[in-house]
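Novice: If you scroll down you'll find the structure; I have some questions about it.
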Amino acid sequence: MQQIVPVDLKVYTPATEADPYSYNLDLVYYQHDGKPYTKDLIDIEGWVIEHGVAAEPAPSKIRVILKDQETGAAYGLPTAVFARPELTGFFADGTNYDDSGFKVGIRHSKTIHPDDRDYGIFLLVNF
């Protein structure tokens, strides 16, 4: 099982408008039930493609990063690939983007605690 890992964002180059990527975050959900005996859930789903490059089913080449807006600390989340066959039809450039979807489902932890922190969401591709 993959773990939440610290990430040094300084070693990566941010994408620009000229880069051949398209993406979307379909779901960003935090479930806080207020019960002391359960763990709150964080779910993030979406897709990212590199135009003209076929998506691979596994392992995931997409990592979701949460960056603490106050401290700057960044954390890589375990990401699973899921099928998004509609993307191949939507972009219709002859490239198979079927496996471009990603999902993250983690429990609230000592590392990630959205009750009292604000996080930016970043996507790390081909890490």
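The values are calculated or read from the model by the stated rules, or taken from the named source; none is laboratory data. Not measured: the values here are computed from a predicted model. We place every Cβ from the backbone using ideal geometry, glycine too, and count neighbours over all the protein chains shown.
Novice: Give region 40-56 a look and list any residue that's more than 11 Å from residue 96 (Cα to Cα) and either over 16 Å from the mean Cα position of the chain (by Cα) or not in a strand (DSSP E or B) (or both), or say none.
Specialist: Passing the criteria: only 40.
One line per residue, one yes/no per condition, for (1) aliphatic (A, V, I, L, M); (2) over 13 Å from the mean Cα position of the chain (by Cα):
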residue: 80; (1), (2): yes, no
residue: 83; (1), (2): yes, yes
residue: 86; (1), (2): no, yes
residue: 98; (1), (2): no, yes
residue: 112; (1), (2): yes, yes
residue: 120; (1), (2): no, no
residue: 124; (1), (2): yes, no
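Novice: Can you pull out the residues in region 36-66 that are of a type in the set (Lys, Arg) and surrounded by fewer than 17 Cβ atoms within 10 Å (Cβ to Cβ)?
Specialist: Of everything in region 36-66, just one residue is of a type in the set (Lys, Arg) and surrounded by fewer than 17 Cβ atoms within 10 Å (Cβ to Cβ), namely 39.
Novice: Further question on the same structure: Do the conditions hold for residue 60, that is, is it of a type in the set (Ser, Thr, Tyr) and within 11 Å of the chain's Cα centre (by Cα)?
Specialist: Yes; evaluated as a whole, the condition is true for this residue.
Novice: Is it the case that residue 80 is surrounded by 14 or more Cβ atoms within 10 Å (Cβ to Cβ) and either under 19 Å from residue 116 (Cα atoms) or among the aliphatic types (A, V, I, L, M) (or both)?
Specialist: For residue 80, the condition - surrounded by 14 or more Cβ atoms within 10 Å (Cβ to Cβ) and either under 19 Å from residue 116 (Cα atoms) or among the aliphatic types (A, V, I, L, M) (or both) - is met.
Novice: So which residues in region 56-97 are small (Gly, Ala, Ser) and either within 18 Å of residue 6 (Cβ to Cβ) or in contact with a strand residue (DSSP E or B) (Cβ under 7 Å, 6 or more places away or on another chain) (or both), if there are any at all?
Specialist: 58, 60, 72, 73, 74, 76, 80, 83, listed by residue number.
Novice: Right, another one. Quick check: anything in region 60-68 part of a loop (DSSP other than H, G, I, E, B) and at pLDDT 90 or above?
Specialist: no
Novice: Here's something else I'd like to know. When the residues of region 10-36 are filtered to those that are aromatic (Phe, Trp, Tyr), modelled with pLDDT under 90 and not in a loop (DSSP other than H, G, I, E, B), which remaining residue is farthest from the chain's Cα centre (by Cα)?
Specialist: Among those residues, the one meeting the criterion is 30.
Novice: Just the residues that are of a type in the set (Val, Ile, Thr) and part of a loop (DSSP other than H, G, I, E, B), please, taken from region 91-117.
Specialist: Those that are of a type in the set (Val, Ile, Thr) and part of a loop (DSSP other than H, G, I, E, B): 95, 111, 112.
Novice: Which condition does residue 88 not pass, out of (1) within 21 Å of residue 23 (Cα to Cα); (2) at pLDDT 90 or above; (3) assigned to a loop (DSSP other than H, G, I, E, B); (4) not hydrophobic (A, V, I, L, M, F, W, C), if it passes all the others?
Specialist: Status for residue 88: all satisfied but (3).
Novice: Is it true that residue 120 is without any contact (Cβ under 8 Å) to a residue 60 or more places away in the chain, part of a strand (DSSP E or B) and loosely packed, with under 15 Cβ neighbours inside 10 Å?
Specialist: yes
Novice: May I ask you to verify whether residue 15 is buried (at least 17 other Cβ atoms within 10 Å of the Cβ) and under 15 Å from residue 125 (Cα atoms)?
Specialist: no
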